[in-house]
Every structure is written in C-alpha cells, then in structure tokens.
1. Identify the trypsin sites (Lys or Arg not before Pro) of segment 25-70 meeting these criteria: DSSP loop state and at most 10 other C-beta atoms within 10 Å of the C-beta.
2. As an exercise, use a Förster radius of 41 Å and the Cβ-Cβ distance of residue 255 and residue 208 to find the FRET efficiency, rounded to the nearest 0.05.
3. Mind checking the full-extension length gain between residue 83 and residue 230? Use 0.36 nm per residue of separation minus the Cα-Cα distance, one decimal, nm.
4. Amide H neighbours of residue 97 under 5 Å, at least 5 residues apart or on other chains, H built in the peptide plane: list them.
5. Between segment 54-90 and segment 134-190, what is the separation of their alpha carbon centroids in Å?
6. Can you list which of the trypsin sites (Lys or Arg not before Pro) found in segment 139-185 are DSSP loop residues with at most 13 other C-beta atoms within 10 Å?
Amino acid sequence: MVNEIDGFRRSLSARSQESIVTAHRAGIGNRLLAALPPADLGLLTPYFQKVSFEPDAVLVRSGDELDPVYFPHSGAIAFMLDMPDGQTVATTLMGREGALASFSVLGPSLSSVTAIARVAGTASLISAAKFRAAFAQSAAIRNVVQVHARAVLLQLQHVAACNALHRVDGRMARWLLQLHDRVPDDLLPVTQEALAQLLGVRRTTVTLTMSKLREAGAVPSDRRGFVEINRARLEKVACDCYALMQRKIDRMYCEELAAPSPAPGEQKIAVCSGKADIAISS
C-alpha cells in the first residue's frame, strides 16, 4: 500500500511491514496526549504523522530499533514474545491509553517483543529522536511516560501471574475483556488463531475453550473472524486479574494524569475513563 509516510520510514532502518498505513492529519484521541498541556503537546504535534493500521500489521519486530513512537488513538496492539521453539504468547495489550516504543526515551534500543495490531486503528507517530528531545524539555511529557511505564509494568506482572495460576477459560475471558475495552462494540474482530497466539496455546484448545464460554452464555457466537460477547457474563468467567488490573491502572491514570481544560468547542478526552470516552466540551 502506497502512503505518505514512506519517506518517513525510509529515514529509519529498513523494516518489513505487512500492512500499515495510510497517512492522515494528526489529531488527539490518545489518553497520554490528552493529558498534556497545550504548550507541551505543541512540542510533539509539528512532528506527528497520523497513520492507520490494519489487523495483523506488524508495527515493530523483535530486534528492531524502537523507532518511531506510536500514540494509538484507536485499535488494539498486542506485544508478542517469540519463543525459541516458534511459539508466541502475548505479554500486554495496548490501545489509546498507551504509547508504543515510548521507552525509547531511555536511548536507542532494540525491541524485545513483536508488536502486532489485533484490532485496526489509527495512531500518531513521531521519530524517537524528536520524542526524546521533547521528553528532555517537558516535565509533563516525562510524567505521562512515567505513568505509562508503571501501567505497562503492572500489566506485565498481572499477566505473568495469570498465565502461571489461572485456567485457560479465565485467561481467554480476560483477553476478550481487554479487547472489548478498546473496541466500541460487542462484536470483536478477532480470530481463533489470534486468540491462540494471545494465550500461547494450540488452536484446538481455543476451540474447546470457546465452546465452554458459549455454554456459559459469555460468547453467544464466534464465526468468520468475529467473536460476539456478553460482557456481564464474560466478567463472571474471567479470572480476578482483569478487574484488579484495570482498577489499579484506571486509578493510576485518574490520580496522576490531569487532562487540561479544552478551548470552547474542542473535544476533551476523559483521562480517568477506561475507554477514554470522548465528550464535547461546552
């Protein structure tokens, strides 16, 4: 797909990308960007390019340099750990609450995971060098990166514990709820193959587990690459990790990130909301 960011990517290290991108004008829908005062956000916006990514697009490969930095406005991105035997398992899931490759502020480094889009969306991207320069100038940018880093670490800790201690049906319910937090619909665009990769299990295990969730009324249907969920029943099946993790992360964002007041008529992102609901300011 030909797009306007080809020149931007050619200025970075060459990287094979199956399906990213159509460029758009930059906008704000990301919870971290929404928490920045206008002057601090202004250190970033001149360098943003707005892109769209499709399902299964590889945004960063394991071993790639963490460049550029992505601020998702929609969609869901899974961080996949590649094992020596060829298996993969998800470690975290990120949407508009995060920033992919934000840890590049620590200096040039290589990614330890592969970041794959699980749900199509849009993002604003900026070169790691420009982002590091803004990070050095702005206490507000440093604060949102620090809050985000703690949120990612918290999710990593909970997922590690969950993978070790909980059954597959509870873990699958947790991943489906996390996807639903980032998709404004009860019909999730996710395949059984993608769920197998998230869980680090065989496709047959996903099929059997999905059958159990249907019997519990948590998944009324799953076919043709879509999974329909009943959230209330899915929450009953999910392990305790989901509610505990989301409660801690939302509290962290709510208490430590304060969205600046918008100008009249501008959109305001509710930083404390798990889905980062958009409301029109009066």
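Every number here is computed from the coordinates shown, using simple stated rules; none is lab data. Since this is a predicted model, take the numbers as computed values, not measurements. All Cβ positions, even for glycine, are placed from backbone atoms using ideal geometry, and neighbour counts span all protein chains on display.
1. Within segment 25-70, the qualifying trypsin sites (Lys or Arg not before Pro) (loop, at most 10 other Cβ atoms within 10 Å) are 25.
2. Taking R0 as 41 Å, the efficiency between residue 255 and residue 208 is 0.50.
3. Length difference between fully extended and current span is 49.6 nm.
4. 31
5. 14 Å
6. Sites meeting the loop and neighbour criteria: 167.
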